[in-house]
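Enquirer: Let me give you the structure first, and then I'll get to my questions.
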Amino acid sequence: MEKLIITVALTGNVPAKKDNVNLPVTPEEIAEDVKRCTDAGASLFHVHARDSQQRPTLDKSIFKEIIRNIKQVSPDAIIQLSTGARAGKDWEDRAAPVRLLPEMASFTTGSNNLPGIVYENSPQFIEFLAGVFKETGVKPEIEVFETGMINNALHLRKKGFFESPLHFDFVLGAPGAMPGTVKNLLFLSEGIPSDSTWTVAGIGKAEIPLATAAIVMGGHVRIGLEDNLYMPDGSLASNVKLVEKIVAIAKEIGRDIAEPDEARSILSIPHENKNRILETIG
Ligand code: ZN
């Protein structure tokens, strides 16, 4: 089996420090968490930015500060910036993180409900954002909350926006979208092209069980405080504790963990793209 890529969704748009004091919010805290998690075995980091009031933001200057801080302490870590909508709906604002030329960025290819909002990604917006990915050569992580999002991604590939192999993240267990069951994970993982790679992000209590299923199935794993604030025993989680839990489970099962450069190869990310982001942010 391929080595296991552990992605950490460090911060997200929704949780606050009052929910879990271990949530990294400032650029310094985010970078320190990346360092701890890289040392523990994670290779890929899904990054959101917050302003000084902990509110989600697409402010480029904050993203730049986060990136500078991460690259200083953990130069090999793969950075994946979020293009999610809670921080703003303007198309160019949502595309701005991709234009910073990270190695990866997230890309939800459809709409669904999430707590309190419609997560709106219209066909027109999806095609616009796909164009930005194509133009910049940034590798998309296709976030799948519902089955149709796979079909939309395959349609974009057919139109020439994406190249194979595609990389999918099945987000399961978010209230308003597909429940976090192994049955759904199996169904989705069988619905993507065979040369694709995939990871699973189980939300809340589904996080560790679905991660364990993915380790056994040959997929990859996304964990982190964006998706879940607690350890399986009910105590408060931290990003590094979640990474350590996944590493321990993988060891028990006999699956090796990918280093960042191995993760790049598995995901077909050109190694020469590693430091493009540093040139962009200056
Ligand atoms: Zn996110």
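Read-outs throughout are calculated quantities, based only on the coordinates presented, and are distinct from any laboratory measurement. Fair warning: this is a prediction, and the values are worked out from it, not measured in the lab. We place every Cβ from the backbone using ideal geometry, glycine too, and count neighbours over all the protein chains shown.
Enquirer: Distance from the Cα centre of the range 141-160 to that of the range 1-37, in angstrom?
Expert: 27 Å
Enquirer: Ok, one more. Among Glu190, Glu29, Glu127, which one shows the biggest mean-square fluctuation in a GNM of the chain, springs joining Cα atoms closer than 10 Å?
Expert: Taking springs between Cα atoms under 10 Å, the residue moving most is Glu190.
Enquirer: Same structure again: Defining a contact as two alpha carbons under 8 Å apart and six or more residues distant in sequence, what relative contact order in percent does the chain show?
Expert: Worked out over the chain, it gives 23 percent.
Enquirer: Right, something else. Any lysines with Cα under 27 Å of the Lys64 Cα? List them, leaving off those in the same chain fewer than 8 positions away.
Expert: The qualifying lysines are Lys17, Lys18, Lys35, Lys89, Lys134, Lys139, Lys241, Lys274.
Enquirer: A further question on this structure: How big is the equivalent ellipsoid of the range 1-123 along its three axes, where each semi-axis is √(5λ) from the Cα gyration tensor, reported in whole Å from largest to smallest?
Expert: With the √(5λ) rule applied to the range 1-123, the semi-axes are 23, 17, 15 Å.
Enquirer: Okay, moving on. Report, in deg cm²/dmol and to the nearest 500, the calculated mean residue ellipticity at 222 nm for the chain, where each DSSP H run with n ≥ 4 adds -39500 (n - 2.57) and the sum is divided by the residue count. Show your work: numbers first, answer last.
Expert: Working: 10 runs with 109 residues, N = 282.
It comes out at -11500 deg cm²/dmol, rounded to the nearest 500.
Enquirer: Ok, one more. Using a 10 Å cut-off on Cβ atoms, rank the peptides 246-259, 226-239 from the highest mean neighbour count down. Present the calculation step by step, with values, prior to reporting the outcome.
Expert: On the way: 246-259: 15.9, 226-239: 17.5.
Most protected by this proxy first, the peptides run 226-239, 246-259.
Enquirer: At a Cα cut-off below 18 Å, give the lysines reachable from Lys3, other chains included and same-chain residues fewer than 8 away excluded.
Expert: Here the lysines satisfying the reach criterion relative to Lys3 are Lys245, Lys251.
Enquirer: Using the Cα atoms of the range 117-243 to build a convex hull, what is its mean projected area in square nanometres?
Expert: So the mean shadow area of the Cα hull is 8.3 nm².
Enquirer: Three principal axis extents, largest first, for the C-alpha atoms of the chain, in Å?
Expert: 43, 41, 40 Å, listed from the longest principal axis down.
Enquirer: Also, quick follow-up: What's the center-to-center distance, using Cα atoms, between the range 165-196 and the range 85-140 in Å?
Expert: Between the Cα centre of the range 165-196 and that of the range 85-140, the gap is 19 Å.
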